[in-house]
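Structure first, commentary second.
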Amino acid sequence: MHVALDATYSLDRNLSGVGVYSREILFGLARTHPQDRFEFCYRPHRFLHSFRDRLPRNASRRLLRGAPHAGLFHALNQRVDVPALRTVSTFHDLFVITGEYSTSEFRARFTEQARLAARRSDLIIAISRFTAGQVEEFLGVEPSRIRVIPHGVHVPSIERQNTSRQNLVLFVGAIQRRKNVRNLVRAFERMPASWRLALAGAADGFGAAEELRAVESSPRKADIDVLGYITAVELETLYRRARIFAFPSLDEGFGMPVLDAMANSVPVITSRRSALPEVAGDAALLVNPDDPEEIANALVRLASDPGLRDDLARRGRERALRFSWESALTKTWEVYKELTGSTAPPE
């Protein structure tokens with residue numbers, strides 16, 4: 001098979017969930033299908049940066065301009081400027097369309113790109129059932145064209161997690177209005193004095209200044225660490241230190257940090273909204289993200305109940321084991337085969 005993929009989003013200095021997904025799919029497919037040919041395509045503003053990556057032997061580097069020449073094109077982030085002979089798009093979320101989480105100019109541009117990608121794609125991969133439902137509802141895509149393929153996670157060995165935990169509440173994600181840091185900070189103010197809150201993520205998202213003002217004005221400001229974007233090694237250390245992971249986001253197409261925390265045996269508090277209950281299942285405490293008091297009650301409950309923490313940590317790790325990048329790669333390849341006529345579509 002000859003496959004072209006939009007690799008543009010795999011190069012961001014501060015990789016988001018889309019960037020992590022892009023790299024897992026790009027390099028994972030090339031690794032697991034060594035006899036097939038892959039074109040890693042980059043938009044002009046990223047093409048020169050792409051030379052920092054050493055590509056697999058069965059992959060070549062191409063400028064993404066016009067229709068890809070491969071028999072199949074996979075748009076890894078819901079944007080298709082010119083469709084190929086056969087086109088697959090991955091849709092991650094539509095929160096820009098459904099919520100006040102961006103400028104009006106960006107919303108208009110995003111909405112048009114999403115509509116075009118939906119119309120120009122033969123099949124669509126949605127990363128959750130929640131996102132699939134939004135693609136159907138807001139973009140008018142019939143369910144027969146949508147395939148749900150969740151993200152995966154790398155689960156570290158138990159031995160690597162046997163470290164001394166600290167009284168630390170960890171949040172991971174870009175600081176922006178949608179991530180709801182403001183209500184998390186308010187909730188944290190109810191925690192015992194021995195606890196700290198760490199906010200790990202770039203502070204450059206939409207509405208970040210307003211979210212950070214909650215930190216500056218908090219009576220617990222001295223106990224809150226705003227870390228900015230951190231390396232993978234630093235993040236791994238934080239997951240090993242934290243006793244609680246809190247992610248009361250207002251809207252997520254999937255919620256990769258929740259899965260990462262579970263994989264690292266950190267008990268999770270997250271929102272009963274968007275795709276987050278779908279990812280967390282029964283292995284987390286679910287809260288109303290609009291209610292700081294409810295978030296606070298969950299934090300205090302976990303802080304005071306080691307048995308509950310241990311139970312959620314165990315259940316979270318077991319749940320994380322259900323999500324693998326190997327499964328995502330296999331199912332993505334099945335979509336390619338379906339589109340090229342190698343196999344019948346699922347019933």
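The values are calculated or read from the model by the stated rules, or taken from the named source; none is laboratory data. All values reported here derive from a predicted model rather than from experimental measurement. With ideal geometry, Cβ positions are generated from the backbone for all residues, glycine too; neighbour counts draw on all protein chains shown.
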From 141, 135, 155, 172, residue being more than 30 Å from residue 336 (Cα to Cα) and in contact (Cβ under 8 Å) with a residue 12 or more places away in the chain: 172
Residue in segment 154-171 that is surrounded by fewer than 16 Cβ atoms within 10 Å (Cβ to Cβ), assigned to a helix (DSSP H, G or I) and within 17 Å of the chain's Cα centre (by Cα) present: no
Those residues of segment 25-77 which are among the aliphatic types (A, V, I, L, M), touching a Cys at 6+ places or on another chain (Cβ under 9 Å) and either in a strand (DSSP E or B) or more than 19 Å from residue 88 (Cα to Cα) (or both), in sequence order: 63
Residue check for residue 211: touching a Lys or Arg at 6+ places or on another chain (Cβ under 6 Å), modelled with pLDDT under 95 and in the same structural domain as residue 286 (by TED's automatic domain parsing): yes
Matching residues in segment 1-45 - criterion: being aliphatic (A, V, I, L, M) and within 25 Å of residue 66 (Cβ to Cβ): 1, 3, 4, 5, 7, 11, 18, 25, 26, 29, 30
Exclusive hit being under 22 Å from residue 124 (Cβ atoms), touching a residue at least 12 places away in the same chain (Cβ under 8 Å), charged (D, E, K, R) and surrounded by 17 or more Cβ atoms within 10 Å (Cβ to Cβ), set 79, 62: 79
Single residue of 207, 253 found to be under 22 Å from residue 316 (Cα atoms) and touching a residue at least 24 places away in the same chain (Cβ under 8 Å): 253
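Conditions (1) farther than 30 Å from residue 334 by Cβ; (2) surrounded by 20 or more Cβ atoms within 10 Å (Cβ to Cβ); (3) of a type in the set (A, V, I, L, M); (4) modelled with pLDDT of 95 or more, marked per residue:
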position	(1), (2), (3), (4)
146	no, yes, yes, yes
175	yes, yes, yes, no
185	yes, yes, yes, yes
203	yes, no, yes, no
Conditions (1) part of a loop (DSSP other than H, G, I, E, B); (2) loosely packed, with under 14 Cβ neighbours inside 10 Å; (3) among the hydroxyl-bearing types (Ser, Thr, Tyr); number of the one not met by residue 102: (2)
Segment 1-12 - residue that is touching a residue at least 60 places away in the same chain (Cβ under 8 Å) and outside any helix (DSSP H, G or I) and, of those, nearest to residue 80 (Cα to Cα): 6
Extreme residue, nearest to residue 165 (Cα to Cα), among residues of segment 210-252 that are in a strand (DSSP E or B) and within 21 Å of the chain's Cα centre (by Cα): 244
Residues of segment 187-197 satisfying the condition of being surrounded by fewer than 21 Cβ atoms within 10 Å (Cβ to Cβ) and not in a loop (DSSP other than H, G, I, E, B): 196
Residue in segment 35-59 that is farthest from residue 10 (Cα to Cα), counting only those that are among the charged types (D, E, K, R) and exposed (fewer than 13 other Cβ atoms within 10 Å of the Cβ): 57
Qualifying residue in segment 256-270 (condition: outside the structural domain of residue 93 (by TED's automatic domain parsing), more than 16 Å from the chain's Cα centre (by Cα) and surrounded by fewer than 19 Cβ atoms within 10 Å (Cβ to Cβ)): no
